[in-house]
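J.: Pasting a structure here, questions to come.
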Amino acid sequence: MGLLLFVQYATLLLLGTLAVAVFRSLMKARKYPPGPAAIPVLGNLHKLENDFRYNYILEMSKTHGDFTFFYNPVLSVLVLSSYRAMQDLLVNRGSKYSDRPGSSIVELMGTGSLITEPFGPKWKLQRKLFHQHLNKAALPQYWSIAEHEAKRCTLRLQRDPNNWSDELRLNTTRVILGITYDARDIFATDDERALASGEFLGHVIETLSPGLFWVDIFPSLKYIPSWIPLLGKEIKKLSKWGEQDRTVIPKSFYVVKGQKEAGIAKPSFALSLLEDNATDERTMAWLSASMYGGGSDTIWTALQAFLLAMVLYPEAQKKAQDEIERVVGNDRLPGMHDRDSLPYVENLIKEVLRWWLLAPGAISHRLMEDDEYKGYFIPKGTVIVPSTWYDERFRAKLFILFLPSCTSRCISRDEEMYPDPETFRPERFTEPNADGQLPLDPHKFAFGVGRRVCPGLDFGDMVLFSNVAIFLATSTILKGLDENGNEITPTTVPIHPVPGTLQVQNRAAPINSAPRH
Ligand code: HEM
């Protein structure tokens, strides 16, 4: 071995030893929250990549308690596994824990949305505008559109249950784009506006997956020329997404603006923003786009979960149908005014939210300053994951990343709170535990916790009720049959059952009758 080579090896060895020593002293000096064992330099975040599965995190939370820390020198992740930890950090320390990852990506793409907006005054204003239109008192104006679409969807499902997933998708798209832009002329899921909104949502989701992009970790990389291998490719991809979204997404908003100027605009969220001159036009356009971003996939998924639960748990379906028949009768459809008189249906909706909620809107937060919790140090910039469920779409490319998909999966499987948690049982919400407490209403976590809690909660819940009540009053969903006449039992994972696995039968209330308002 030449002298030069020897010196090189020796230097490397020295640097390595130094790195390990620095790492060890850092880990010692700072008492990080519990997590799997860390290795020098990489920390332990790489463990998530190996087996970032719901079970793995559940396992971790059993070992480490309410929170598990995945350390890495450039990006750490704190997974919150209990409602208590979420309350402590996201609610009680909301001013520190309400930022989002991904802001440098959004900046690079030149897009926007309430979902990705960094915590601050601009975010606050947008929340206020959202709230003005989607608060509880504002909801009655949307009842008829939600019910109309629920009836339309049910009718189409009765005619062709094979297409159920697309029909539910179309239903939520028409409701959301309907209230946002009065765009009700969407008749298929491949409508340009629906497709563009769906793609935009996909981009938002990826943007929010912490560490999926290097530029999110090192924002100055955005200046890297696109011809540089690997990193340049990332910049190119994000720039292309940005261009695509910027070209298509604001279009619907400007259609409404044109209609307003021509005096032919019908009431919509976008029109109200324009009439109130609520903020600058660009922000209004992206804020309107956030409606679809936040509301479409979430309601769609909850409705799929509802159908799946009805197929797998026919006794729950029957009980809900009996209640509707008893309270509402068979001459008309159930409406929002009936809601308080339908406790079983109400609990069924809670159970849907608990049992299977894949909320792509379940979004991680970013800690804005160093913090200490229960004696542990949590560094500024740590990504806070108030949920612990894996979804393929959020899979990270690099050893440092991943993301959650659902705020509720772990809490929803808390056996103390929800005994036999994998079973769908609406009755559980009427059964007090040994301390006389009823189980936590899943609305309290399925829509997020803290200052960034879903601003579409009441609206989304209203759309869910309309669909569930109208569907159950008019239809029964059954397992489909294979070519030999044998029942097909859809699986719960993945959530989407294959077309052909369901049958929908007409029943009781006539679909064309009106709900009572
Ligand atoms: C079943 C229906 C829905 C579920 C389960 C759901 C769930 C969620 C969750 C878990 C979050 C993240 C909260 C957090 O970061 O802590 C969220 C955020 C959000 N949701 Fe929803 N959502 C639903 C419906 C809707 C609807 C109908 C809209 C709009 C019309 C909407 C708009 C939003 C927006 C804009 C955000 C981001 C808020 C922010 O970052 O400040 N969501 N949602």
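The values are calculated or read from the model by the stated rules, or taken from the named source; none is laboratory data. None of these values were measured; they are calculated from a predicted model. For neighbour counting, all protein chains shown are included, and Cβ atoms are generated from backbone atoms with ideal geometry for every residue, glycine included. Side chains included, ligands, DNA and RNA excluded: accessible areas come from the protein's heavy atoms. Shrake-Rupley method; radii C 1.70, N 1.55, O 1.52, S 1.80 Å.
J.: Could you please state, rounded to a whole Å, how far the C-alpha centre of the stretch 464-490 is from the C-alpha centre of the stretch 302-375?
T.: Using only Cα atoms to place each centre, the spacing works out to 17 Å.
J.: Report the full-extension gain for the segment H443 to I264: residue separation times 0.36 nm, less the Cα-Cα distance, to one decimal in nm.
T.: 60.6 nm
J.: Could you order the peptides 316-325, 170-179, 87-96, 480-489 from most to least packed, using the average number of other C-beta atoms within 10 Å per residue?
T.: Packing order, densest peptide first, comes out as 170-179, 316-325, 87-96, 480-489.
J.: Write down the accessible area per residue of the stretch 74-198 in Å², having rolled a 1.4 Å probe over the full set of protein chains.
T.: 38 Å²
J.: Provide the net charge surrounding R282, with neighbours chosen by a C-beta distance below 15 Å and charges set as Lys +1, Arg +1, Asp -1, Glu -1.
T.: Computed value for this residue: -1.
J.: Please give the per residue volume of the convex hull enclosing the alpha carbon atoms of the stretch 252-321, rounded to a whole number of Å³.
T.: 118 Å³
J.: May I ask you to give the solvent-accessible area per residue for the stretch 201-297, in square angstrom, as obtained with a 1.4 angstrom probe?
T.: 47 Å²
J.: If you take every residue apart from R152 with its C-beta less than 12 Å away from the C-beta of R152, what net charge results, scoring Lys and Arg +1 and Asp and Glu -1?
T.: +2
J.: Please report how far the C-alpha centroid of the stretch 418-438 lies from that of the stretch 76-111, rounded to the nearest whole angstrom.
T.: Spelled out, the Cα-based centre of one part sits 30 Å from the other.
J.: Going by a ≥ b ≥ c, the root eigenvalues of the Cα gyration tensor, does the stretch 124-205 fall in the rounded group (a/c under 1.5), the prolate group (a/b larger than b/c) or the oblate group?
T.: The shape class here is oblate.
J.: Which three extents, in whole angstrom, do the alpha-carbon atoms of the stretch 71-159 cover along their principal axes, largest first?
T.: Ordered largest first, the stretch 71-159 gives principal extents of 56, 33, 29 Å.
J.: Please go through the residue pairs K122/K222; K124/K444; K124/K380; K96/K236; K124/K233 and name each one whose alpha carbons sit more than 28 Å apart in this structure.
T.: Pairs exceeding the cut-off: K96/K236; K124/K233.
J.: Can you classify the stretch 213-352 as rounded, prolate or oblate using the Cα gyration tensor, where a ≥ b ≥ c are the square roots of its eigenvalues, rounded means a/c under 1.5, and otherwise it's prolate if a/b beats b/c and oblate if not?
T.: The shape class here is oblate.
J.: Using a 1.4 Å probe on the protein chains only, how many percent of the accessible area of the stretch 178-234 belongs to carbon and sulfur?
T.: Exposed carbon and sulfur together represent 64 percent of the surface.
J.: If you build the convex hull over the alpha carbons only and average its shadow over all orientations, what do you get for the stretch 108-267? Give it in nm² to one decimal.
T.: For the Cα atoms of the stretch 108-267, the hull's average projected area reads 12.5 nm².
J.: Considering amide H positions built from the backbone, and no H for Pro or chain starts, which residues 5 or more places from L502, or on another chain, come under 5 Å of its amide H?
T.: G480
J.: Sequence-distant or interchain residues sharing an amide H contact under 5 Å with Y373, placed H: which?
T.: I378
J.: Determine the sum of side-chain charges near V345: Lys and Arg each +1, Asp and Glu each -1, restricted to other residues whose C-beta is under 12 angstrom from that of V345.
T.: Combined, the nearby Lys, Arg, Asp and Glu give -3.
J.: Taking R0 as 60 Å, what FRET efficiency do you get between D331 and S239 from their Cβ-Cβ distance, rounded to the nearest 0.05?
T.: 0.55
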